[in-house]
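Any read-out appearing in this document is the output of simple, stated calculations on the displayed coordinates, not a laboratory observation. Since the structure is predicted, the reported quantities are computational estimates derived from the model, not experimental observations. With ideal geometry, Cβ positions are generated from the backbone for all residues, glycine too; neighbour counts draw on all protein chains shown.
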Amino acid sequence: MDTTRPPRAGAHRTRRAEARFGLAAIAPAALLLLIFLVIPTLLAFALSFTNAKLIAQGAPEFVGIQNFQRLLGVEIATVDVERDASGAIERGDDGEPVYPSARELQAEADPVLKKSELGSWQSGDASSKTYLLVGDPIFWKALLNTFLFVIVVVPVQAGLALALALFVNLRMRGSNLFRTVIFIPVVTSMVVVSILWLFMYQRDGLINQVLASVIPGYEFVDWLANPQTALPSIIVMSIWQAVGFHMIIWLSGLQTIPGELYEAARLDGAGAWRRFTSVTWPGLRHTAVFVLITITIAALGLFVQINVMTQGGPLDSTQTLVFHAFTAGYGKQQMGYGSAIAVVFFVLVLTISLIQRRLTREKD
Amino acid sequence: MTLRPLGALHRRLWLPVVYWAVGALLLMAFSFPMVFMAVSSLKPDDQIFLDLKTMNAFLPTGDVSLDNYVGVFARVPVAQFLLNSAFTSALVVGLGLVVNSLAGFALTRVRWRGQTVVLGLLIATLIVPFETIAIPMVFLVSRLPWFSIDSAGLQFQEGLMNTYAVQILPFVANAFSIFLFAQYFKSIPRELDEAAMVDGASWWRVYRTIVMPLAGPVVATAAILTFLPVWNAYLWPIMTVQKEDLRPIQVGLQYFFQENVEWGQIMAYTTIITLPVLVMFLLFQRAFVASIASSGVKG
């Protein structure tokens, strides 16, 4: 790294000793990172092209892009409505028009490339129906849920953390107490937090009781058993757990802004809002990039909450990418397929952080 | 705007009110769930549910006892789980401090060929999320050669599954920790090394007696940043450790939770494993906060 050091006299031998020590000192870290980071990363890509099993009889076989076909394969198929001999639309017992089912449609497909229905819609005159067929419907639900989670958590958590940081940074009496208490969930493990909130989210749990005592005529909700409320419940809990972490990051950013800038703005007659937009916010640019990227990456990796609280349910409403990779790769022992999901996850993380980096850099 | 003095007076009166109202709300939102957990661990289940309807949910009222704790210890070997987690965390932190500080030292204060390449590779490893490599790594560690020492002497085995090693080795080297050390070492004047070398000190001695004693703050930061993920580890041990006597504390909680519906006992278990970290946090709050803040500096 540094080559500016003047060479010492007769340094040949000592230079060799220096190089030897340097290699010896980096070796343990390099070796461990090679075995437990570089090789697993390469292995993720390699295994994703095989049918590797966790407990394998024999070596994994190369299967080409089959895992990715199953994972990412999408097909749109349109079928005509069933008609009787006279050409009239056939109707079932419920009076609805009858169409060939998605299962019939896929009956003759290659077993590996067989797809199942993710969604369907009828044409206006009911003469045909269009199926959206995918190889792995759970993957697409997981992808959608993961995106929903990220889209809500990133701005809300970052914004709330900033608000909390500004509040604590007022440095009035009590500030330290507030900071400490807000930070406590961060040092609490996610497993503990998940179990505690699962208890509070129960139908006869604390949250319903509190809401009932505040809102007259409140109807109890079974938060985690309802597909509409399960993911939002996990979102609220996850923000509660992690917001203190990013509050501290914002706080350390706030403290790098020189006090004279605020003095100058005050002398110029700038109000609180103006001081925030013209002094505080520009001074937090680097912090903002860091906060956004770290929350995004953490949110994309959503796993523990799902594993402890919902196992992906109800009705796959809380399936996520990492949970799906875990269920496929470990639960069902399909290491090859699980690795393919992990590779897709990796590409996603990489793309999003590169985009964010680019977007935030251009404004400079 | 025309009544400026009055406006200022107004502001002085209501600002503290708003401040304390917001503060009280925050205190409630962030502390009440934890208080509820601790308080419930002292009550029998029917008392917990009875108290949910009133503020008693957050107060140690009624039939308070340590029965739930006794129950937890009677049902599962929590002490063993705690010991397992303490042991793996201590080794990850301890070995990590040595391995990562040595690497940081090698990258900033020693010259050798290939330094820039290694540094570049190290930066590249920072972008790989653990979730990506967890599954292939299970595949890898289940096939790595390993050894064990038992009554029959040294034994070789295939696979690290169900060992302490599998919970420790993957987390010892840490690229982020290496950067923290490297950054800090750069700020220590190099003349110190040279003076010691002139006096005949070896590189190892320079590292041990000159550079490391000055690295106190970064040692604390690196220790905290590596301790928390290991103490709270979950995804990795659920896949690699099935034996009960090697089980870490968080996985133990999940098993306990799955086969138990007595909420008082579950809350006792969560309190037991949260308390050590909480006490440490409150004691070393400054270091905790500094370590988190330092993770944002590079951004």
With just the Cα atoms defining each centre, how far is the range B:183-201 from the range B:55-110? Give it in Å.
37 Å
Highest GNM mean-square fluctuation among A:Ile39, A:Ile239, A:Ile248, for chain A with Cα springs under 10 Å, belongs to A:Ile39
With an 8 Å Cα cut-off and a minimum separation of 6 or more residues, compute the relative contact order for chain B in percent.
28 percent
Relative contact order for the range B:37-82, counting Cα pairs under 8 Å that sit 6 or more residues apart, in percent
41 percent
Tell me the angle of helix A:335-362 to the major Cα principal axis of chain A, expressed in degrees between 0 and 90 and rounded to the nearest ten.
50 degrees
Ordering of A:20-29, B:118-127 by burial proxy (mean other Cβ atoms within 10 Å per residue, highest first):
A:20-29, B:118-127
Report, in whole Å, the centroid distance computed from the Cα atoms of the range B:222-299 and the range A:312-329.
23 Å
Applying 1/(1 + (r/R0)^6) with R0 = 35 Å to the Cβ-Cβ distance of A:Leu211 and B:Phe73, what FRET efficiency is obtained, to the nearest 0.05?
0.50
Could you rank the peptides B:131-140, B:21-30, B:175-184 by their average count of other C-beta atoms within 10 Å per residue, with the highest value first?
B:131-140, B:175-184, B:21-30
Which value, in debye to the nearest 20, gives the size of the charge dipole of the range B:4-65 about its Cα centre, when Lys and Arg are +1 and Asp and Glu are -1 at the Cβ?
680 debye
Find which of A:Gln157, A:Asn226, A:Phe199 sits farthest along the positive direction of the dipole of the protein assembly as shown, computed with +1 on the beta-carbon of Lys and Arg, -1 on that of Asp and Glu, about the Cα centre.
A:Gln157
Just subtract the alpha-carbon distance of A:Arg285 and A:Ser175 from 0.36 nm times their residue separation and send over the number in nm, one decimal.
37.2 nm
Using per-residue counts of other Cβ atoms within 10 Å, averaged over each peptide, order B:70-81, A:111-122 from highest down.
B:70-81, A:111-122
Hydrophobic long helices for chain B, i.e. whole DSSP H runs reaching 20 angstrom or more by Cα along the axis with Kyte-Doolittle mean at least 1.0, come out as B:4-40, B:78-108, B:216-231, B:263-283
Can you give me the Cα centroid spacing of the range B:117-167 and the range A:263-303 in angstrom?
40 Å
Extent of the range A:138-362 along each principal axis, from alpha carbon coordinates, in Å, largest to smallest?
65, 48, 28
Trypsin sites (Lys or Arg not before Pro) within the range B:213-299: which are DSSP loop residues with at most 15 other Cβ atoms inside 10 Å?
B:Lys243, B:Lys298
If each DSSP helix of 4+ residues adds -39,500 (n - 2.57) and the sum is divided by the residues in the protein assembly as shown, what number results at 222 nm, nearest 500 deg cm²/dmol?
-19500 deg cm²/dmol
Considering only DSSP states other than H, G, I, E and B, which trypsin sites (Lys or Arg not before Pro) in the range B:79-181 qualify as loop sites with at most 13 other Cβ atoms within 10 Å?
B:Arg113, B:Arg143
Considering all alpha-carbon pairs of chain B, what whole percent are spaced by more than 25 angstrom?
64 percent
Answer rounded, prolate or oblate for the range A:192-285, using the Cα gyration tensor with square roots of eigenvalues a ≥ b ≥ c: rounded when a/c is under 1.5, else prolate when a/b is larger than b/c, else oblate.
prolate
For Cα pairs less than 8 Å apart in space and 6+ apart in sequence, what is the mean separation divided by the residue count of chain A, i.e. the relative contact order in percent?
21 percent
